[in-house]
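Just so it is clear, none of the values below were taken in a lab; they were calculated from the coordinates. Because the structure is a prediction, the values reported are computed rather than measured.
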Amino acid sequence: MRKSRRSSATWVRWWLGGAFGVLLVPGCGLAPDMEDIMEHPLKYEVKELTPQALEERMKQIDDNYAEPRTPGKVFLSYETSMDSISPVNGWVALWRGARACAWLAEHAEGKSKRAEHALKGIAMGREAMKKDSARVEPYYYLAMCYAQLADARQDASRDLLKEMKFRMDLACSIDEKFDFCGPHRFLGTLLAETHEYTLLGLGTLGEGLKHLKTAVQLCPDYGDNHLMYAKGLIEDGEPEEARAELEKVLACRRPPDRSAEHDEWISEATKMLRDLPAAES
């Protein structure tokens, strides 16, 4: 498993590089990564399970996804999700499978394996979205899998960037507090890190900061919200405001089921505080 972790939306600058200009040149049809996505529809069998059996399966899926997470446990969560797809409980195994794939795509060894998990998650997320368009989870984990695919390939087209933003916008409109205000955290970081690329038409730094500020206001005890807001404030040339947010990271309690991530936020915030210029007296 990879030892380092990039937060849910800090993958952007990994692939906004020299090749990015080529990806922005208008052309015919879908960009290669979108063609790849469309060529990977989900193949599954609907399972004939009783409501009680499905409830037990969902518990198994969630237990295997819970801390302490390991690739083996989370892959079992994915496999059980694939083996539990049913309309009886509203197709909820689909988004659970996409959730597992998003984690696996972030933590697997090797770019090709990470991209493979991301594509599986995208297929499950798209299917979940079709089956139940009123839930937040399909849009949220679909966008996360799009992001992990871009990160694994260190490459993305304008179509893919806009698609992930569109899906996360929908997640935000359904439940902005989901996953500790994850939709605002994701959108804010995406906009803050892409605002220089005006041809994308994704949004401005100010819009990104607005999302990040909303995340810290609505979910103030989640360290990653303050960490991402601090990064946005540094991008905006506000080191002292960023310092205040980094100190809040250190003061946050460990959130449920996020122990490993919390320790990484603390470590990153501590390093960022050391690197900030000294406050003017």
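The convex hull built on the alpha-carbon positions of the range 177-281 has an orientation-averaged projected area of 6.8 nm². If you line up the long axis of helix 178-194 against the longest principal axis of the chain, both from Cα atoms, how many degrees apart are they, to the nearest 10? It is inclined by approximately 60 degrees.
Entry note, the chain: relative contact order of 16 percent, from Cα contacts under 8 Å with a spacing of 6+ residues. Can you give the angle from 0 to 90° between the axis of helix 92-107 and the longest principal axis of the chain, with both taken from C-alpha atoms, to the nearest 10? That helix lies at roughly 50 degrees to the long axis. Compared with the dominant principal axis of the Cα atoms in the chain, helix 223-235 is inclined by about 50°.
How high is the relative contact order of the range 177-281, given as a whole-number percent (alpha carbon pairs under 8 Å, six or more residues apart)? Answer for the range 177-281 is 22 percent.
Given the chain, what whole percent of its Cα pairs are spread farther than 30 Å? The share of Cα pairs beyond 30 Å in the chain comes to 30 percent.
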